[in-house]
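> Sending over a structure as structure tokens; questions will come in a sec.
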Amino acid sequence: MIPVEQAETIILSLVQPLDVERDSEMLPLLEARGRILAGSVTSDLDFPHWDNSAMDGYAVRYADVQACSAESPVTLAVIETIPAGYQPQCVVEAGQAARILTGSVMPAGADTIVIQEETQRDGDQVTILAAPQPQAFVRKRAAFYQSGQPLLSSGLRLQAPEMAVLAAAQCAQVKVYRQPRVTILSTGDELVSIDQPLQSGEIVDSNQYALASLITQAGAIPIRLGVVRDEPEALKQAIAIALDQSDIVLSSGGVSVGDYDYVEDILAELGGNIHIRAVAVKPGKPLTVATFEQKAEGRGQEAEGRGQRAEGRGQEAEKARALESADSRFPLSKAATLYFGLPGNPVSALVTFCRFVEPALRKLSGLPERAWKPTFVRAKTQVDLRSNGKRESYLWGHLDLADGLYEFALAGGSHSSGNLINLAGTNGLAVVPIGKTHISSGESIYVMQIGRSLQS
Ligand code: AMP
Ligand code: MG
């Protein structure tokens with residue numbers, strides 16, 4: 001059993017980010033929203049494109065107005081009006097001004113804007129009532145961005161502000177990383193799919209839904225392979241199929257002590273290297289992490305050739321749909337596929353995804369290093385928190401902002417890792433470190449935010 005941080009370090013070291021050339025595609029700008037920029041963008045435009053006015057007012061020569069005040073105003077001749085979008089026609093000479101509107105091009109000769117509120121207009125003359133600062137309200141060409149410099153850097157997730165910048169730079173098509181493909185398979189003879197009648201002793205495969213949502217939220221494509229029976233050959237074949245088509249494979253269930261031996265054998269038979277077998281985390285201890293080198297010929301066909309079936313309960317159609325929806329334009333020619341054997345308990349599966357899978361997914365996606373780790377915020381706990389002190393514990397609840405400071409409210413009801421009901425509505429996992437058995441209400445704690453995956 002290794003500590004959480006060590007597990008995180010090992011996992012991140014196993015991930016090779018998508019390749020900026022091989023794993024990228026050009027998309028029309030709006031279709032690229034939420035995707036991650038592959039390579040930096042430069043523009044041959046300056047921002048602003050030309051000297052222009054930041055206010056409605058008059059473009060003047062500073063020397064003409066530097067000494068004026070309400071008591072000794074200066075009157076200038078208005079030689080033209082320059083609306084936004086028009087090129088000035090005249091040069092402003094001494095004793096002259098041009099009426100100018102926000103964003104309009106500065107006329108030659110003028111170097112300063114006097115805002116409208118400090119002027120008095122009378123026909124084709126304007127009286128300046130206060131001295132401006134030199135070059136007041138002039139936005140100089142290239143003051144915001146100089147052509148040829150990097151405009152946006154690689155690894156940036158494209159949201160509204162980046163959209164605006166790319167549109168302004170006339171980038172109608174942008175190069176973004178492809179979305180990682182993550183295959184989910186649920187193991188357990190007790191599991192049925194959402195639309196099947198429940199017999200005594202059976203439960204619905206809810207992990208598939210929670211994991212698919214988390215994967216989508218993280219910007220990746222979930223491929224749902226459905227339920228796999230608790231049987232080594234079925235599991236082996238399902239994992240083999242999954243490895244052929246994915247960047248990451250997630251199985252849930254079947255990795256607790258009783259089942260463990262055969263999972264390890266299966267992973268070894270498929271050529272996997274096991275890096276992690278258990279982590280000192282609660283919930284989530286039986287976490288398995290393995291890597292598989294990519295094979296040119298594919299493992300799925302090989303396993304299929306032996307006549308095994310992966311599905312326990314007639315989920316062929318669902319699998320076919322899942323495979324079809326996967327973005328298969330990109331061959332998976334990267335170095336290795338990462339396999340996570342998550343614990344089956346719904347809460348354990350969710351916690352281990354957020355704590356260990358999501359950072360891997362974020363590194364794989366092309367995000368910069370500062371965005372890989374989960375976000376922990378300091379919060380004041382509203383209630384006493386308890387743990388056995390032996391493992392790093394994650395207690396689910398709600399983070400709220402009160403007067404700009406976070407407060408953590410523990411979810412009501414049972415904190416058994418099998419209870420998924422009181423997970424609903426939560427947005428944070430309070431951390432009780434190893435060695436601590438009790439944190440008093442009012443103390444400051446770290447809370448890991450969940451469900452914020454689209455930010456970087
Ligand atoms: P396991 O890790 O296979 O021993 O499973 C631990 C617990 O989680 C058992 O009570 C399972 O019924 C439950 N479980 C396993 N897989 C799922 C799943 N996909 N959805 C919901 N519960 C599950
Ligand atoms: Mg099981």
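> Anything in region 63-94 that is under 18 Å from PRO134 (Cβ atoms) and not charged (D, E, K, R)? List them, or say none.
Result: ALA63, VAL65, GLN66, ALA67, CYS68, SER69, VAL74, LEU76, VAL92, ALA94.
> Please find, among GLY305, GLY312, the residue that is within 16 Å of ligand 1 (Cβ to nearest atom) and modelled with pLDDT under 55.
Going through GLY305, GLY312 in turn, just one is within 16 Å of ligand 1 (Cβ to nearest atom) and modelled with pLDDT under 55: GLY312.
Results for (1) touching a Gly at 6+ places or on another chain (Cβ under 8 Å); (2) in a loop (DSSP other than H, G, I, E, B), shown as yes or no for each residue.
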{"position": "TRP396", "(1), (2)": "yes, no"}
{"position": "TYR406", "(1), (2)": "no, no"}
{"position": "GLY412", "(1), (2)": "no, yes"}
{"position": "SER416", "(1), (2)": "no, yes"}
{"position": "ASN422", "(1), (2)": "yes, no"}
{"position": "ALA430", "(1), (2)": "yes, no"}
{"position": "ILE434", "(1), (2)": "yes, yes"}
{"position": "GLY442", "(1), (2)": "no, yes"}
{"position": "VAL447", "(1), (2)": "yes, no"}
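> Looking for whichever is out of contact with any helix residue (DSSP H, G or I) (no Cβ under 6 Å at 6 or more places or on another chain) and either closer than 19 Å to GLU5 by Cα or within 16 Å of ligand 1 (Cβ to nearest atom) (or both) here; the options are GLY442, GLY425, GLY435. Which one fits?
GLY435
> Mind checking whether some residue in region 7-27 is free of Cβ contacts under 8 Å to residues at least 40 places away in the same chain and either more than 25 Å from ALA167 (Cα to Cα) or not acidic (Asp, Glu) (or both)?
Yes, region 7-27 contains a residue that is free of Cβ contacts under 8 Å to residues at least 40 places away in the same chain and either more than 25 Å from ALA167 (Cα to Cα) or not acidic (Asp, Glu) (or both).
> Mind telling me which of the residues ASP189, ASP195, ASP247 ends up being within 19 Å of the chain's Cα centre (by Cα) and of a type in the set (D, E, K, R)?
Going through ASP189, ASP195, ASP247 in turn, the sole match is ASP247.
> Looking only at region 77-117, filter to residues that are under 17 Å from MET55 (Cα atoms) and acidic (Asp, Glu); which one of those is surrounded by the fewest Cβ atoms within 10 Å (Cβ to Cβ)?
By that ranking, first place goes to GLU117.
> Can you tell me how many residues in region 435-451 are surrounded by 15 or more Cβ atoms within 10 Å (Cβ to Cβ) and under 29 Å from the mean Cα position of the chain (by Cα)?
6
> Counting residues that are away from ligand 2 (no atom under 16 Å from the Cβ) and within 30 Å of THR102 (Cα to Cα), which helices (runs of 4 or more DSSP H) fully inside region 131-245 reach at least 2?
160-168
> Residues in region 278-288 that are under 24 Å from ILE241 (Cβ atoms) and surrounded by fewer than 23 Cβ atoms within 10 Å (Cβ to Cβ): how many?
Looking only at that region, the number is 0.
The values are calculated or read from the model by the stated rules, or taken from the named source; none is laboratory data. Being a predicted model, the structure only gives us computed values, none of them experimental. No Cβ is skipped: glycine too gets one built from the backbone with ideal geometry, and neighbour counts run over all protein chains shown.
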